[in-house]
Amino acid sequence: IAANNQFQWNKNSQIAETTQRFSQGQVVDTTSTSIVDINYGLTATLDWSNFTVSFDPNAPPNGFLFNIGQATSDVSAILYIDGISGETNQSPAFITSINRPSTWLIPLQKVIIFFEQDIQAGTMTTTIPDSSVVIDLTDDKTQTWEYTSSGQWNNIQ
């Protein structure tokens, strides 16, 4: 990580499905999933391993509705957010197991920064170290933070 890092949030999102269940410490398997673009207020429906995205009045205006449609096996939703750290990438930002016909997914506009040995993008975790830094991008969509030689994070706007 660089000394100065810019973090930004935008609404460019993608969604995918996987039959992999959430499991602490495991890496999301993205090799067998098709990733589709989705915007706030839309519904992604999984129907026999095909994804469709459409307008749905029941979808939350600040998130997405994920329908498992005719899926016959357990599925999980994988959410990708473009623009974190100013990069367009295909690293999962969120995964959740779906155990009902439809689920609202409402992204929190926050980035959590932490250092962990032997971890990679897409690792499933529910435990965040106490030394982590939470960067809230709800009101200020672009922020620059400095990581100092003493191991501290400072917002340098």
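The values are calculated or read from the model by the stated rules, or taken from the named source; none is laboratory data. None of the values given here were measured: they were computed from a predicted structure. Glycine also receives a Cβ, built like all others from the backbone with ideal geometry; neighbour counts cover every protein chain displayed.
Looking at the structure I just gave you, is Gly25 at pLDDT 75 or above and surrounded by fewer than 13 Cβ atoms within 10 Å (Cβ to Cβ)? Against the criterion (at pLDDT 75 or above and surrounded by fewer than 13 Cβ atoms within 10 Å (Cβ to Cβ)), Gly25 qualifies.
For segment 138-156, a residue qualifies if it is in contact with an Asp or Glu (Cβ under 8 Å, 6 or more places away or on another chain) and in a loop (DSSP other than H, G, I, E, B), and exactly one does: Ile156. Can you find even one residue in segment 127-141 that is within 19 Å of Ser23 (Cβ to Cβ) and modelled with pLDDT of 75 or more? Yes. Consider segment 103-137 and keep the residues that are touching a residue at least 40 places away in the same chain (Cβ under 8 Å) and not in a loop (DSSP other than H, G, I, E, B). The one that is surrounded by the fewest Cβ atoms within 10 Å (Cβ to Cβ) is Trp104. Among the residues of segment 90-101, is there at least one that is of a type in the set (Ser, Thr, Tyr), assigned to a loop (DSSP other than H, G, I, E, B) and surrounded by fewer than 11 Cβ atoms within 10 Å (Cβ to Cβ)? Within segment 90-101, none of the residues are of a type in the set (Ser, Thr, Tyr), assigned to a loop (DSSP other than H, G, I, E, B) and surrounded by fewer than 11 Cβ atoms within 10 Å (Cβ to Cβ).
Looking at segment 95-103, is at least one residue at pLDDT 85 or above and not acidic (Asp, Glu)? Checked against the condition, which is being at pLDDT 85 or above and not acidic (Asp, Glu), segment 95-103 yields at least one hit.
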